[in-house]
Amino acid sequence: MSERDKELLGNVSVVFHAAGPCNETFRFSKQLSRIQVVAVVTSIFERASDDRVVEAGKEGDGGPMALVRVPLVGPALREPMPGFVDTLKGSTALIAGAGHVLGNSNLQAEIIPIDLAVNTLITVAWERATSKNVQGPVIYNAIPIGCTWSDLIKKSQRANRKFAYPTFGFRGMTSIVTLHWALVVLFEWLPSTLCDTILGLVGAKKRFLVQYQRVRDALRSVESISSRVWSVERNRVYLIQQCLATEDQDIFPVSTEIDVESYALCAAAAAKKYCVDEDEAVRSTRLIEADNDRLQEYATPDPNPYFDTTRVSNVTGLVGKTIQLVCKVKNLGNRTVSWVRHRDIHLLTVGRYTYTSDQRFEAMHTPHTEEWTLRIRYPQKKDSGIYECQISTTPPIGYSVYLTVVEPVTEIAGGPDIFINKDSTINLTCLVRYAPEPPSTIVWIHDHKAINFDSPRGGISLVTEKGPVTSSRLLIQKAIERDAGLYTCSPSNTHSSSVHVHIVNVVIVILNAVLFMVR
């Protein structure tokens, strides 16, 4: 080991051990003078392995230890890209609908996206290193995606239709062993065998049984855990999430609300792109080429991308009327633009593709232009908040747009009580703001009856001006006592507003005031 390497090791304070035997890791950690924590990944489903790790840690005496116990690791939620996966594991095969599974569909789905697992490992190392008064190993149980196996399968249906995995997979889960194997034999093994037989007869390469066996091997890892309850305490990780600063929670989320349908859609698309090749050599070659492309991207980067900050960052929209949030990116190169909703850290779009299951949201982009648009149809007040346009740099950079969705407002100026002198003119002005479009009609009502402008009483007129703010002015000349009462302005496309009009006799009021003063 060179002197330079020894100098670098002298600055190491955290060691991560992600897989495999850990004896050597602990012996290595013992040599590090500034070591603060050794974070080791184990499985929630193998408690015996925890004991072996703890024992190895005591023998190696490599410093404070944190055991991060994770469930089945699934496709990525956000990083490096939504749904990314390059190996067909059991969780991916289940989400992609590649085959039928044996298990209890009503139990919690013990799956965690790989990027959340990594975030948990990082935050746990920080928490354990900063907990000076804690002795011995500390166990942290990572948080799964938060749905049952049944919910996961149901919400994967759209993904399975759009990005069907090319096998004779029969989607679903049952705890009845005989029914499970009957479905597998009839709908998976038998069609695969028949197709390979036909391919063999015509001299083509057989491939269906190979894919069938590959999927069966992958799903075996799910079947070994989906039939029983795994009772583990996860409050420790929830508390870490709450201790993080808001900015750190955005960068290293360990527990977040997941749109399972959107997650499944991304995972199925990635599985079909990266996990389907019948020839492993071809698949490995393509992944190596993809890695080389990414390395080349970092070796010879394009000019740094940046946002056009002259764009509007505060947008006000109307309930029910389509809203478009636009960000303009310069020097994008081969990077990707995404829209994220801050309220729940929800990925909405990636590039020109929409990944949320909420069909009101849509990605819009014209090729060879710099504008990336998030369109929201039928917006509601709950859609108000911060939306971030992100560029896939390392780390990502973003431009926030604050959206305010307002409801139409109707008000009568001067309300709720208006006092009018007898024989003077009643002048009521109704204003309609934030309506999707000017109301086609505005009806004035007096004491629950529509005002008749052609009545024998006469002297009643109406002036209406339509625009962004529509106004309707009701004029009643020579007010008399029976003109008093409740007046309501009722636009055709929004809520109504009312005021109480009181007709007063000035002479009587003055006399009453004089009498009061005399007393």
Treat each spin label as a single point 7 Å out from the Cα along the C-beta direction, and report the I122 to R228 distance in nm. 3.5 nm
Most exposed first, judged by fewest Cβ atoms within 10 angstrom, L9, L186, L116 run L186, L9, L116
Could you please rank V401, V463, V340, placing first whichever residue has the fewest other Cβ atoms within 10 Å of its Cβ? V463, V401, V340
Could you work out how far the C-alpha centroid of region 106-125 sits from that of region 354-417, in angstrom? 30 Å
Amide H to amide H under 5 Å from T470: which residues, 5+ apart in sequence or cross-chain, H placed 1.01 Å off N in plane? V432
Quick one: Karplus J couplings for region 9-18, per residue in order, coefficients 6.51, -1.76, 1.60, θ = phi - 60°, nearest Hz, x for Gly and Pro? 5, x, 9, 6, 10, 10, 10, 9, 10, 8
Rounding to the nearest 20 debye, state how big the charge dipole of the chain is about its Cα centre with +1 on each Lys and Arg Cβ and -1 on each Asp and Glu Cβ. 840 debye
What lysines sit close enough to K381 to cross-link, taking a C-alpha to C-alpha distance under 19 Å and skipping anything fewer than 8 places away on the same chain? K321
Those Cys residues of the chain for which no other cysteine Cβ falls under 4.7 Å: C22, C147, C195, C243, C266, C275
Dipole magnitude of region 7-275 about its Cα centre (Cβ charges: Lys, Arg +1; Asp, Glu -1), debye to nearest 20: 820 debye
Pairs over 30 Å Cα to Cα, from K162/K205; K154/K272; K449/K478; K154/K205, come to K154/K205
Share (percent) of C-alpha pair distances in region 7-275 greater than 32 Å works out to 33 percent
Spherically averaged projected area in nm², based on the convex hull that wraps the Cα atoms of the chain: 42.4 nm²
Taking F307, F16 and counting other beta carbon atoms within 10 angstrom, the fewest-first order is F16, F307
Taking the C-alpha atoms of region 328-441, convex hull volume expressed per residue in Å³: 167 Å³
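Bear in mind that the values in this text are calculations on the coordinates, not laboratory data. A quick note: this is a predicted structure, and the numbers were derived from the prediction, not measured. Cβ coordinates were reconstructed from backbone atoms using ideal geometry, including for glycine residues, and neighbour counts include every protein chain displayed.
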